Amino acid sequence: MYCTGSTVNMDAVDFAENSASWGGVFNIRTNSVVTVTSGTFTNNTAALLGGAVYVKHATVNLVAPEGETVEMTGNKATTAGGAIYACGNPTVNVTGATISGNEAGYGGALAAEAYATTDTVTFTNSTLRNNASTIDSDEFGGGAIYVHTATLNLIDSSFTGNTAVKRGGAVYAAADATVNVEGSTFDANVAGKRGGAICAIGATAINVDATGFAKNQGSEYAAAFFASEVGSVTWTGNTSFSEHEGGTGTVAYIYKVDAFTATDITLTGNKSNNNGQLYVHTSTGVLDNVTATGNSAKNGGVLYASTNSVLTLKNSAWSGNSAAASGGAIYLGKGTLTITNSTLGGNAAEKGNTAKNGGAVYTSDCKQLTIEDSVFGYNTATESGGAVYAAGTSKVTVGAGTKATQFNNNSAPTAGVINIQGSAVVDVTGAVFDGNSATTSNGGAIRVGDEDSTAKLTITSTMLKNNSTIASGGALTTGTKCPAIEINAVDCTFLSNSSTSGGGALAVQNGNGFSNGDPDKLNIVFTNCVFESNSANANGGAVDIRSASYIKFDGVTAIKNSAKDGGANGGFLYATSNHTRVYLTGTVVTTDNVATNGHFIRFNKSTYSNPPKLYTTHGKDAAWLSQVHSNSGENFNMTTMP
């Protein structure tokens with residue numbers, strides 16, 4: 001039926017096995033309005049466009065009132081629009097329809113290629129299932145719908161089992177298109193490469209509200225959602241993504257998106273065999289009130305933030321996520337991320353996040369990670385960094401915000417909370433580290449550096465308490481042979497930390513802190529810090545200093561620290577081996593520290609050619625000197641500094 005300049009109304013009609021080049025049933029042209037309120041379109045074909053309906057510069061309404069239906073089944077078009085093809089300046093309204101088993105090169109159910117964004121295609125309360133796009137192309141697809149330039153509205157509709165050879169298992173939004181999705185579902189749609197549910201390339205905006213995505217598939221990227229060079233992507237209103245499996249960005253691959261906003265979103269039980277459920281690259285975004293549980297990936301169990309991404313995560317809770325390699329919840333590459341007022345981890349009853357390295361967060365050469373007003377609890381790493389692993393040239397800031405960021409009950413074999421490696425720089429202010437543990441090696445809370453590292457830690461006005469290690473450094477440890485690392489601790493409190501070896505609070509391993517012997521340029525400095533009730537089962541109830549290491553205390557309060565086992569030495573500090581130096585300036589308060597030898601400080605001279613030495617501004621009449629000993633009696637190599 002060919003219409004131009006006409007108004008046609010139809011009810012209770014059936015069209016079957018008709019064929020044409022354009023529009024197997026209807027060819028609707030300029031200024032026409034065709035309305036069908038009930039009927040069926042079955043097995044119609046078009047040699048080119050619109051297996052059942054072709055509409056250009058006209059309006060088609062397939063609008064079934066309550067109790068009626070419009071069904072479009074088994075229609076085919078060789079090029080585009082298996083059931084419907086719309087072009088020029090069209091308006092398409094579909095309500096209460098079931099559109100299934102249709103097929104075309106692109107746009108298995110509908111293809112719309114409009115002239116203007118004011119042209120609209122609207123599906124309301126409709127079902128689109130088992131439609132297919134058969135073209136083997138990266139530029140076209142859309143198992144159910146393909147849209148170019150026009151505005152597509154999907155309201156209270158369902159998309160199930162639609163397929164595309166490459167992109168857009170359900171929907172493909174091309175250049176200048178706008179897509180608005182509200183109250184709909186996308187289940188088990190499949191794209192051979194990207195965007196199992198929705199693929200958007202060059203589109204203006206994709207807006208999704210109160211919509212559920214489940215079990216969609218994309219074998220290469222983005223089982224659910226793929227967006228590239230899109231103006232804005234907005235998810236709101238309890239939109240959910242669950243049980244997807246696929247490659248990088250299993251839930252969503254976001255590339256060169258100017259504004260990505262996700263508010264009131266849940267991600268549950270998604271699995272990536274590569275990087276992240278949300279993969280964000282060269283995009284700016286805000287994730288607000290996002291709940292993520294039970295997701296897994298190789299890197300970044302929930303989020304993989306890649307090059308040039310600038311993201312904010314706020315008011316969110318992520319727990320029970322995992323990564324086989326790095327970043328149980330987040331992997332941050334060469335981008336920027338701010339985490340505020342969020343919880344990454346669990347509690348005594350709920351599992352935290354876990355990974356090989358960086359149980360919650362792994363950073364690799366990141367431009368900036370900022371953490372404020374947040375809680376990291378019960379995260380675990382099977383190797384290192386129970387909560388955070390900072391690698392490469394990463395810059396990490398844990399800020400005071402309006403409340404203290406807390407790291408509670410995190411654990412790893414080494415570095416129960418934070419491992420700082422490479423040339424990473426970490427700055428911590430006003431935080432609390434409580435009850436964290438290193439289960440087989442050093443650093444119950446923090447580890448700085450390893451061989452040849454130039455890592456830096458500045459920690460200010462922070463409480464480290466009840467942390468523990470099976471080895472050395474109940475709260476804080478250095479690696480070995482990394483003399484260029486820097487640690488500056490100011491106004492910090494180390495309380496009730498413990499180790500089963502040396503250094504209940506702090507262990508400085510072999511070959512650290514040296515800066516050409518200049519006490520004003522030492523690399524490891526503690527200023528006005530309090531060490532209270534720390535304990536070690538071996539030497540150094542609070543601090544254990546190893547071979548060829550240098551440390552400076554500029555004002556220290558040492559109270560009730562203990563080296564507990566029989567024969568243990570240095571209630572507060574134990575220093576041993578060649579070229580070890582301790583610098584002690586400022587106010588010194590020492591009370592009730594306990595050890596077999598040296599209640600305050602114990603130097604192990606043994607037979608070393610260049611044994612440990614104490615440099616101090618206090619002179620030889622300082623009251624605390626009676627609590628300083630070496631294994632050669634009172635001869636502990638003290639030098640009075642000017």
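Among the residues of segment 154-188, just one is farther than 20 Å from A223 by Cα and of a type in the set (S, T, N, Q), namely T178. So, of the residues in segment 200-236 that are surrounded by fewer than 24 Cβ atoms within 10 Å (Cβ to Cβ) and within 21 Å of the chain's Cα centre (by Cα), which turns out to be farthest from T151 (Cα to Cα)? Applying the filter and picking the extreme gives E220. Kindly check whether there is at least one residue in segment 247-267 that is more than 24 Å from T363 (Cβ to Cβ), among the β-branched types (V, I, T), open to solvent by less than 40 Å² (accessible area, probe 1.4 Å) and over 16 Å from the mean Cα position of the chain (by Cα). Looking through segment 247-267, none of the residues is more than 24 Å from T363 (Cβ to Cβ), among the β-branched types (V, I, T), open to solvent by less than 40 Å² (accessible area, probe 1.4 Å) and over 16 Å from the mean Cα position of the chain (by Cα). Of the candidates A144, A58, A111, the single residue that is touching a residue at least 12 places away in the same chain (Cβ under 8 Å) and either open to solvent by 10 Å² or more (accessible area, probe 1.4 Å) or closer than 16 Å to A175 by Cα (or both) is A111. Among the residues of segment 527-568, those that are among the hydrophobic types (A, V, I, L, M, F, W, C) and within 10 Å of N593 (Cβ to Cβ) comprise F531, A542, A558, I559, A563. So if I check each of A438, A415, A424, A475, which one is open to solvent by less than 30 Å² (accessible area, probe 1.4 Å), of a type in the set (G, A, S) and in contact with a Lys or Arg (Cβ under 7 Å, 6 or more places away or on another chain)? None of the other options fit; the residue is A415. Output the residue which, of all residues in segment 441-455 that are of a type in the set (D, E, K, R) and surrounded by fewer than 24 Cβ atoms within 10 Å (Cβ to Cβ), is nearest to V388 (Cα to Cα). Within segment 441-455, the match that is nearest to V388 (Cα to Cα) is D450. Counting only strands (runs of 3 or more DSSP E) that fall entirely inside segment 554-614 and contain at least 3 residues that are within 45 Å of the chain's Cα centre (by Cα), among the β-branched types (V, I, T) and on the phi < 0 side of the Ramachandran plot, the qualifying elements are 581-591.
Taken residue by residue, segment 394-405 has at least one member that is of a type in the set (S, T, N, Q), within 19 Å of the chain's Cα centre (by Cα) and in a strand (DSSP E or B). Of the strands (runs of 3 or more DSSP E) lying entirely inside segment 105-157, not one is found with 2 or more residues being in contact with a Pro (Cβ under 6 Å, 6 or more places away or on another chain). Taken together, F603, F531 contain a single residue that is at pLDDT 90 or above, aromatic (F, W, Y) and crowded, with 23+ Cβ neighbours inside 10 Å, which is F531. The set of residues in segment 393-407 being crowded, with 21+ Cβ neighbours inside 10 Å and of a type outside the set (G, A, S) consists of V396, V398, T405, F407. For S283, the requirement of being buried (at least 18 other Cβ atoms within 10 Å of the Cβ) and more than 12 Å from the chain's Cα centre (by Cα) is met.
Residues checked against (1) open to solvent by 60 Å² or more (accessible area, probe 1.4 Å); (2) in contact with a Phe, Trp or Tyr (Cβ under 9 Å, 6 or more places away or on another chain); (3) free of Cβ contacts under 8 Å to residues at least 12 places away in the same chain:
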residue: D14; (1), (2), (3): yes, yes, no
residue: V25; (1), (2), (3): no, yes, no
residue: T37; (1), (2), (3): no, no, no
residue: T42; (1), (2), (3): no, yes, no
residue: A46; (1), (2), (3): no, yes, no
residue: A52; (1), (2), (3): no, yes, no
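Within 18 Å of D434 (Cα to Cα) and of a type in the set (G, A, S): is that true of A381 in this structure? Taking the combined requirement at face value, the residue satisfies it.
Give segment 271-280 a look and list any residue that's under 14 Å from the mean Cα position of the chain (by Cα) and either β-branched (V, I, T) or outside any strand (DSSP E or B) (or both), or say none. Hits for segment 271-280 are N274, G276, Q277, V280. Can you name the residue in segment 558-590 that is in contact with a helix residue (DSSP H, G or I) (Cβ under 6 Å, 6 or more places away or on another chain) and under 14 Å from V543 (Cα atoms) and is also most open to solvent (accessible area, probe 1.4 Å) among such residues? It comes out as T590. Remark: pairs (first residue in segment 202-214, modelled with pLDDT of 95 or more; second residue assigned to a strand (DSSP E or B) and among the acidic types (D, E); Cβ separation under 6 Å; 6+ apart in sequence or on different chains) = D209/E182; A214/D187.
Let's see how each residue does on (1) of a type in the set (V, I, T); (2) over 14 Å from the mean Cα position of the chain (by Cα):
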residue	(1), (2)
T336	yes, no
T343	yes, no
N353	no, no
T363	yes, no
K367	no, yes
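Step by step: first the residues of segment 535-553, then only those that are under 39 Å from the mean Cα position of the chain (by Cα), of a type outside the set (K, R) and assigned to a loop (DSSP other than H, G, I, E, B), then the one that is modelled with the lowest pLDDT. Which residue is that? In this case the residue turns out to be S549. Scanning segment 462-494 for residues that are within 15 Å of N410 (Cα to Cα) and in a strand (DSSP E or B) turns up L464, K465, S468, T469, L476.
Applying the set (1) closer than 23 Å to K552 by Cβ; (2) open to solvent by 20 Å² or more (accessible area, probe 1.4 Å); (3) under 26 Å from the mean Cα position of the chain (by Cα) to L464 leaves exactly one unmet item: (2).
On the given criteria, is N510 modelled with pLDDT of 90 or more and either assigned to a strand (DSSP E or B) or closer than 22 Å to N569 by Cβ (or both)? When the stated conditions are applied, N510 does not pass them.
The values are calculated or read from the model by the stated rules, or taken from the named source; none is laboratory data. Source: prediction; values computed, not measured. Positions of Cβ are backbone-derived with ideal geometry, glycine not excepted, and every protein chain shown enters the neighbour counts. When the accessible area is computed, the model is the full protein with side chains, heavy atoms only, and any ligands, DNA or RNA have been set aside. Shrake-Rupley method; radii C 1.70, N 1.55, O 1.52, S 1.80 Å.
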